[in-house]
Amino acid sequence: DTAVSQTPKYLVTQMGNDKSIKCEQNLGHDTMYWYKQDSKKFLKIMFSYNNKELIINETVPNRFSPKSPDKAHLNLHINSLELGDSAVYFCASSFAGTHGYTFGSGTRLTVV
Amino acid sequence: EDQVTQSPEALRLQEGESSSLNCSYTVSGLRGLFWYRQDPGKGPEFLFTLYSAGEEKEKERLKATLTKKESFLHITAPKPEDSATYLCAVQAGDSNYQLIWGAGTKLIIKP
């Protein structure tokens, strides 16, 4: 039943490790997003894919690499994790050009 | 620079005590303003879209209004289950996909 599902929900890892977060949506949307929510609760767009094509690539370190195998999936791989990467990462989806996004429940990443 | 500011940061109300949350924005041509609700440990949930000054949208105890400089989210006779963080976001005229988000107002309704 879950519309946008992210795994894992919690991720605790050491500095320097590589980790991935997976996202899947079953709403038939053609656009998916990765957002980062910092400790002050601001949501910042990181990436957006439309029909598997990258359309937004904000200024994020190139240690972050999104991959979209199909329009229902958008994964986020992070290399060489740093303390400052600790945050909640949200996946979202929508139809192109609309902003009634459906968000996943988030992945809380803690780098120690 | 495009900016969205929400106030207050936090608001505590008694059950049944009506109030309003504010979202002020400075953007180069507003294409849309969006309200979301976020519960602890969950992702934001879409509430409303407003496109032009004077527009209003309602859903249960919530009503969103829009002027050329700000939007208000009015909550009438709130219940404890309305407690959440309410987020405002705007789409500027020069962007097709990007939203600019405010930091949110944490609303607490005490029974």
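Only the coordinates and a few stated rules stand behind these numbers; no lab work does. The structure presented is a predicted model; accordingly, all values stated were derived computationally and were not measured. With ideal geometry, Cβ positions are generated from the backbone for all residues, glycine too; neighbour counts draw on all protein chains shown.
Matching residues to (1) under 20 Å from residue A:4 (Cβ atoms); (2) in contact with a Leu (Cβ under 9 Å, 6 or more places away or on another chain):
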| position | (1), (2) |
| --- | --- |
| A:21 | yes, yes |
| A:32 | yes, yes |
| A:36 | yes, yes |
| A:47 | yes, yes |
| A:57 | no, no |
| A:74 | yes, no |
| A:94 | yes, yes |
| A:97 | yes, no |
| A:111 | no, yes |
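Taking the listed residues B:79, B:59, B:63, B:68, the one that is closer than 27 Å to residue A:33 by Cβ and either under 13 Å from the mean Cα position of the chain (by Cα) or charged (D, E, K, R) (or both) is B:59, with no other qualifying. When restricted to residues that are without any contact (Cβ under 8 Å) to a residue 60 or more places away in the chain and among the polar types (S, T, N, Q), segment B:23-45 contains 2.
Checking A:59, A:98 one by one, the residue that is within 25 Å of residue B:88 (Cα to Cα), outside any strand (DSSP E or B), of a type outside the set (Phe, Trp, Tyr) and away from chain B (no Cβ under 11 Å) is A:59 and no other. Suppose the filter is surrounded by fewer than 14 Cβ atoms within 10 Å (Cβ to Cβ), under 26 Å from residue B:39 (Cβ atoms) and either out of contact with any Pro (no Cβ under 9 Å at 6 or more places or on another chain) or of a type outside the set (Gly, Ala, Ser) (or both); does residue A:26 pass it? It is true that residue A:26 is surrounded by fewer than 14 Cβ atoms within 10 Å (Cβ to Cβ), under 26 Å from residue B:39 (Cβ atoms) and either out of contact with any Pro (no Cβ under 9 Å at 6 or more places or on another chain) or of a type outside the set (Gly, Ala, Ser) (or both).
Let's see how each residue does on (1) under 17 Å from residue B:44 (Cα atoms); (2) under 12 Å from the mean Cα position of the chain (by Cα); (3) more than 14 Å from chain B (Cβ to nearest Cβ):
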{"site": "A:26", "(1), (2), (3)": "no, no, yes"}
{"site": "A:39", "(1), (2), (3)": "yes, no, no"}
{"site": "A:52", "(1), (2), (3)": "no, no, yes"}
{"site": "A:55", "(1), (2), (3)": "no, no, no"}
{"site": "A:65", "(1), (2), (3)": "no, yes, yes"}
{"site": "A:72", "(1), (2), (3)": "no, no, yes"}
{"site": "A:75", "(1), (2), (3)": "no, yes, yes"}
{"site": "A:88", "(1), (2), (3)": "yes, yes, no"}
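Residue by residue through segment A:1-18, note down the ones that are out of contact with any Asp or Glu (no Cβ under 9 Å at 6 or more places or on another chain) and within 21 Å of residue A:87 (Cα to Cα). Of everything in segment A:1-18, those that are out of contact with any Asp or Glu (no Cβ under 9 Å at 6 or more places or on another chain) and within 21 Å of residue A:87 (Cα to Cα) turn out to be A:8, A:9, A:10, A:11, A:12, A:13, A:14, A:17, A:18.
Just wondering, is there one or more residues in segment B:68-90 that are surrounded by 16 or more Cβ atoms within 10 Å (Cβ to Cβ), within 10 Å of chain A (Cβ to nearest Cβ) and free of Cβ contacts under 8 Å to residues at least 24 places away in the same chain? Within segment B:68-90, none of the residues are surrounded by 16 or more Cβ atoms within 10 Å (Cβ to Cβ), within 10 Å of chain A (Cβ to nearest Cβ) and free of Cβ contacts under 8 Å to residues at least 24 places away in the same chain. In the set A:39, A:93, only one residue is within 21 Å of residue B:37 (Cβ to Cβ), small (Gly, Ala, Ser) and in a loop (DSSP other than H, G, I, E, B); that residue is A:39.
Reported count of residues in segment B:85-106, each being closer than 26 Å to residue A:95 by Cα and touching a Leu at 6+ places or on another chain (Cβ under 9 Å), is 14.
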